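Heads up: the structure comes next, in structure tokens.
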């Protein structure tokens, strides 16, 4: 029988780090979302306690020594810090609502949820244009925001290795797999993608091998969102906890904004995102929600991406309050 999450208060965790990305600026995403709220005269950020995660953003000035896992030593430090924040808040009966920069942070949040309840079965809802299941052995860019799920499942996809990784990087990567508590944090059967549509061959083969379900935008619009959501919720019915990761590049960049590091067309609109997240929140098994990859430096529509992200944030938080 599933374990239902019972938490008292929402705690916002602000993680202004972009060192796992290839483009600078997502560290400003949290503030851009706050500015969106202020401009709407919405007191959202006055209504909840928050805490800031210390960052290592100054490391972007350092020479990159781990070309297949750039700044991995600092990303390891950052994810470990975030994991500690998430774990502590869950144990204090708070709900972690995490606002992060780049998507490497997801490993920290997942690890924190698992560390707080190591014997419980964790499901992951990954709303993103990208699969983020590369490892240092397969990544064409070396940017760790494309690797958090590989570390979370503990699978390097060595059948499709293209990089010769140094012993130092191997050691740090193994440490990343063991943040929070040792070993695999989530089983591939308990991961569901929504909107993934920009992948490389090693990721495609890994997704196929592991049997991870990806609800593409066109499938959802053809079959119906409610049908797909009911199916996805049924698939995760045995998970005690669910973590939801929302990367804003899951939304259509032409319709919404290019204010994210890796924009991809033909994505969701914000109303579909709200319905996806709310449907899982209504199961009362969601343990943490995270928003990532708002980059105001790339937004040529003013602060449009952050404004849309805040629209989603405000809507899903209202649903959270009803379910805690």
> How many residues does the range 10-23 hold that are surrounded by fewer than 24 Cβ atoms within 10 Å (Cβ to Cβ) and under 20 Å from residue 68 (Cβ atoms)?
Replying inline: 2
> Out of all the residues in the range 15-32, is one or more under 19 Å from the mean Cα position of the chain (by Cα), touching a residue at least 60 places away in the same chain (Cβ under 8 Å) and in a strand (DSSP E or B)?
Replying inline: yes
> Is one or more of the residues making up the range 114-134 touching a strand residue (DSSP E or B) at 6+ places or on another chain (Cβ under 7 Å), within 22 Å of residue 147 (Cβ to Cβ) and assigned to a helix (DSSP H, G or I)?
Replying inline: yes
> Of the numbered conditions (1) closer than 27 Å to residue 112 by Cα; (2) surrounded by fewer than 16 Cβ atoms within 10 Å (Cβ to Cβ); (3) in contact with a helix residue (DSSP H, G or I) (Cβ under 8 Å, 6 or more places away or on another chain), residue 159 satisfies every one except a single condition; which is it?
Replying inline: (1)
>> Can you find, within the range 212-229, the residue that is surrounded by the most Cβ atoms within 10 Å (Cβ to Cβ) among those that are in a loop (DSSP other than H, G, I, E, B) and out of contact with any strand residue (DSSP E or B) (no Cβ under 6 Å at 6 or more places or on another chain)?
In response: 216
>> Just to be sure I understand, how many residues within the range 41-79 are under 19 Å from residue 9 (Cβ atoms) and either at pLDDT below 95 or not in a helix (DSSP H, G or I) (or both)?
In response: 8
> Are any of the residues in the range 199-207 assigned to a helix (DSSP H, G or I), in contact with a strand residue (DSSP E or B) (Cβ under 6 Å, 6 or more places away or on another chain) and within 16 Å of residue 132 (Cα to Cα)?
Replying inline: no
> Would you call residue 289 touching a helix residue (DSSP H, G or I) at 6+ places or on another chain (Cβ under 9 Å), crowded, with 23+ Cβ neighbours inside 10 Å and at pLDDT 95 or above?
Replying inline: yes
> Is there a residue being buried (at least 17 other Cβ atoms within 10 Å of the Cβ) and touching a helix residue (DSSP H, G or I) at 6+ places or on another chain (Cβ under 6 Å) anywhere in the range 231-238?
Replying inline: no
> Residue check, residue 188 against (1) over 24 Å from residue 271 (Cα atoms); (2) surrounded by 15 or more Cβ atoms within 10 Å (Cβ to Cβ); (3) in contact (Cβ under 8 Å) with a residue 40 or more places away in the chain, all met but one. Which one?
Replying inline: (3)
> When the range 1-40 is examined, which residues are found to be in contact with a strand residue (DSSP E or B) (Cβ under 6 Å, 6 or more places away or on another chain) and modelled with pLDDT under 95?
Replying inline: 5, 7, 9
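The values are calculated or read from the model by the stated rules, or taken from the named source; none is laboratory data. Just so it is clear, the model here is predicted, and its values are computed rather than measured. Please note: Cβ atoms are built from the backbone with ideal geometry, for glycine as well, and neighbour counts cover all protein chains shown.
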